[in-house]
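Novice: Dropping the structure in here first, questions after.
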Amino acid sequence: MSQDNGKSPALSSRHLLGLEGVPADEITLILDTAEAMKEILDRPIKKVPTLRGVTVVNLFFEDSTRTKLSFELAEKRLSADLINFSKSGSSVAKGETLLDTARNIEAMKVDVVVVRHQHPGVPKFLADRLTSVVVNAGDGSHEHPTQALLDMMTLRQTFGHFKGLRVAIVGDITHSRVVKSNIHGLITMGAEVMLVGPPTLMPRDVESLNVKVSHDIDEAIAWADALNVLRLQLERQKSGFLPSLREYHMTFGVTLERLAKAPKELVILHPGPMNRGVEIESAVADSGASVILEQVTNGVAVRMAVLMLLSAPEGIL
């Protein structure tokens with residue numbers, strides 16, 4: 001997050017740019033608010049007027065399914081007015097700059113910009129130049145704060161706490177936008193984190209992240225309470241990071257056979273989309289240990305909470 005003074009007295013920032021530096025009490029506030037939002041999703045009429053009159057633009061420069069739909073649903077559940085932007089067919093494709101695009105959208109009196117971009121730092125760039133609230137929906141391999149928050153919400157619902165919880169994040173660590181947000185959030189809340197994957201998919205600065213590192217999936221399974229299994233980005237396989245998908249599955253794939261050797265039953269998370277039979281076996285993804293669909297539901301609640309805390313009109317909170 002940036003350190004601006006926010007509209008809401010509850011959060012110290014006007015924006016959600018990442019989880020690095022966000023204090024534990026504010027993470028707890030977001031998660032507690034998301035629990036209240038989840039109750040709305042269980043109602044016969046799944047809509048409240050909280051953000052009536054607030055205009056949100058979803059500024060997605062990258063393809064997305066879950067995140068984009070989740071933000072759209074969150075905005076509609078809160079009665080916000082929303083505009084969807086996609087790079088394809090826009091003026092960006094004709095050569096317009098990112099800043100000109102954003103300023104033109106803001107000139108239409110937009111209150112909140114939800115931005116997803118392939119380059120790290122774009123949400124911060126916009127937050128420094130626009131008067132709108134900016135929410136990071138994923139920027140390159142930097143951060144994806146709402147994904148980490150929904151992962152944390154799911155873990156808290158399952159275990160009831162974070163203190164001493166052991167979470168192993170497995171897969172393509174280097175290229176994932178989910179990893180850093182999870183590390184910052186989980187460690188702030190008192191959990192322990194292990195990163196697991198082949199050396200070719202580990203960042204060079206991994207030792208500075210205050211986490212354990214392993215290249216052995218069986219070691220991680222024996223250590224962890226929960227596994228967060230990342231999508232193996234298949235496009236990376238063509239870049240020489242891996243010998244083959246088959247070898248990756250044999251070495252790092254999360255399978256029932258491997259989980260059967262664990263000293264306790266593990267909870268399985270996956271941010272999606274899944275490559276079944278590569279990083280995760282279908283039998284695991286569909287098992288009772290999996291909370292993957294709970295993550296999807298919690299994603300809408302978390303995004304409702306973030307939007308409400310950052311942009312609700314005065315007097316609503």
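The values are calculated or read from the model by the stated rules, or taken from the named source; none is laboratory data. These numbers come from a predicted model, not from an experiment. Here the Cβ is made from the backbone with ideal geometry for all residues, glycine too, and neighbour counts use every protein chain on show.
Novice: Residue pairs, Cβ under 9 Å, 6 or more apart or interchain, first in region 100-124 and on the phi > 0 side of the Ramachandran plot, second surrounded by fewer than 18 Cβ atoms within 10 Å (Cβ to Cβ) and not hydrophobic (A, V, I, L, M, F, W, C). List them.
Specialist: Going by the 9 Å Cβ cut-off, the qualifying pairs are Gly121/Gly140.
Novice: Select from region 189-227 the residues that are crowded, with 19+ Cβ neighbours inside 10 Å, assigned to a helix (DSSP H, G or I) and either within 19 Å of the chain's Cα centre (by Cα) or of a type in the set (Val, Ile, Thr) (or both) and list them in ascending order.
Specialist: Within region 189-227, Ile217, Ile221 qualify.
Residue-by-condition table, conditions (1) assigned to a loop (DSSP other than H, G, I, E, B); (2) among the β-branched types (Val, Ile, Thr):
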position	(1), (2)
Gly21	yes, no
Asp25	no, no
Ile30	no, yes
Lys46	yes, no
Thr50	yes, yes
Ser70	no, no
Glu75	no, no
Phe85	no, no
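Novice: Just to check your reading of the model, which residue among Arg103, Arg52, Arg156 is within 21 Å of Ser181 (Cα to Cα) and surrounded by fewer than 22 Cβ atoms within 10 Å (Cβ to Cβ)?
Specialist: Values: Arg103 fails: within 21 Å of Ser181 (Cα to Cα); Arg52 fails: within 21 Å of Ser181 (Cα to Cα).
Unique residue meeting the criteria: Arg156.
Novice: Please pick out the residue among Glu281, Glu294, Glu265 that is touching a residue at least 60 places away in the same chain (Cβ under 8 Å), surrounded by fewer than 21 Cβ atoms within 10 Å (Cβ to Cβ) and not hydrophobic (A, V, I, L, M, F, W, C).
Specialist: On the way: Glu281 fails: touching a residue at least 60 places away in the same chain (Cβ under 8 Å); Glu265 fails: touching a residue at least 60 places away in the same chain (Cβ under 8 Å).
Answer to the check: Glu294.
Novice: Let me ask another. Which number in (1) surrounded by 14 or more Cβ atoms within 10 Å (Cβ to Cβ); (2) assigned to a helix (DSSP H, G or I) marks the one condition that Glu62 misses?
Specialist: (2)
Novice: Looking only at residues that are under 20 Å from Leu78 (Cβ atoms) and outside any loop (DSSP other than H, G, I, E, B) in region 106-121, which one is farthest from the chain's Cα centre (by Cα)? Can you show your working first?
Specialist: Taking region 106-121 as the starting set, the residues that turn out to be under 20 Å from Leu78 (Cβ atoms) are 108-116.
From the residues that got through so far, the ones that are outside any loop (DSSP other than H, G, I, E, B) too are 112-116.
Numbers: Val112: 18, Val113: 17, Val114: 13, Val115: 13, Arg116: 11 Å.
Checking each candidate, the answer is Val112.
Novice: List the number of the failed condition for Asp111; all other conditions in (1) at pLDDT below 95; (2) farther than 22 Å from Arg66 by Cα hold.
Specialist: Result: Asp111 passes all but (1).
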